[in-house]
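Please read the structure below before turning to the comments.
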Amino acid sequence: MIKNPRGLQQYGNNVAGPVFKEIADNIYSRDTQLHLAMEKKKAQEPGVFPTIRAGKQDELTMISNELGVSNHSVTEEDWIKTARNGNAVLWKKNAVIKDHVPDVTGMTFRDAIYLLEKSGLRVVYQGKGRVADQSLSPGTKISRGARIYLRLS
């Protein structure tokens, strides 16, 4: 019971609400039978294959292993392209050569902008998602401060 509440607002939600919340939180945290563990669901549905196209090899390997997707590498490069081989992913070389435009098609925007800005290019983009198209051809020589336009989809 709350007797003689103080303040301008003397309604149930302002006076009794905080008290009830403290009591309920205390009971809920002590009784483990009130909250049973949630059932762990599989991250991947049978027959559904995740979209993996290009990116940093160690990150894509970690994600594939976490999802239970078989993956195999034919290169030790940091940046790779992918090829689907049945229910497995094959990592292929995606050479990043100094002072040359890297091939970022298929990469997430985060990976693409990192590689391109590290190469000294100024990035202008349109859309959301993965890189669908790039204005400068991969492998062409670049000059510092040049612009590259990306179309994401």
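The values are calculated or read from the model by the stated rules, or taken from the named source; none is laboratory data. Computed from a predicted model, the values in this text were never measured in an experiment. Cβ sites come from the backbone with ideal geometry, for glycine too, and all protein chains shown count toward neighbours.
The table that follows gives values for the structure above.
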| item | result |
| --- | --- |
| Residues located in region 49-86, provided they are within 20 Å of Ser119 (Cα to Cα), out of contact with any Lys or Arg (no Cβ under 8 Å at 6 or more places or on another chain) and small (Gly, Ala, Ser) | Gly55 |
| Considering residues of region 10-55 that are in a helix (DSSP H, G or I) and in contact with a helix residue (DSSP H, G or I) (Cβ under 7 Å, 6 or more places away or on another chain) only, the residue modelled with the highest pLDDT | Tyr28 |
| Whichever residue in region 100-130 is touching a residue at least 40 places away in the same chain (Cβ under 8 Å) and part of a strand (DSSP E or B) and, among such residues, is farthest from the chain's Cα centre (by Cα) | His100 |
| Inter-residue pairs, beta-carbon under 8 Å, first in contact (Cβ under 8 Å) with a residue 12 or more places away in the chain and in region 15-33, second surrounded by fewer than 10 Cβ atoms within 10 Å (Cβ to Cβ) and in a helix (DSSP H, G or I), 6+ apart | none |
| Whichever residue in region 124-139 is surrounded by 11 or more Cβ atoms within 10 Å (Cβ to Cβ) and hydroxyl-bearing (Ser, Thr, Tyr) and, among such residues, is farthest from Ala112 (Cα to Cα) | Ser135 |
| Region 1-32: number of residues that are surrounded by 10 or more Cβ atoms within 10 Å (Cβ to Cβ) and basic (Lys, Arg) | 1 |
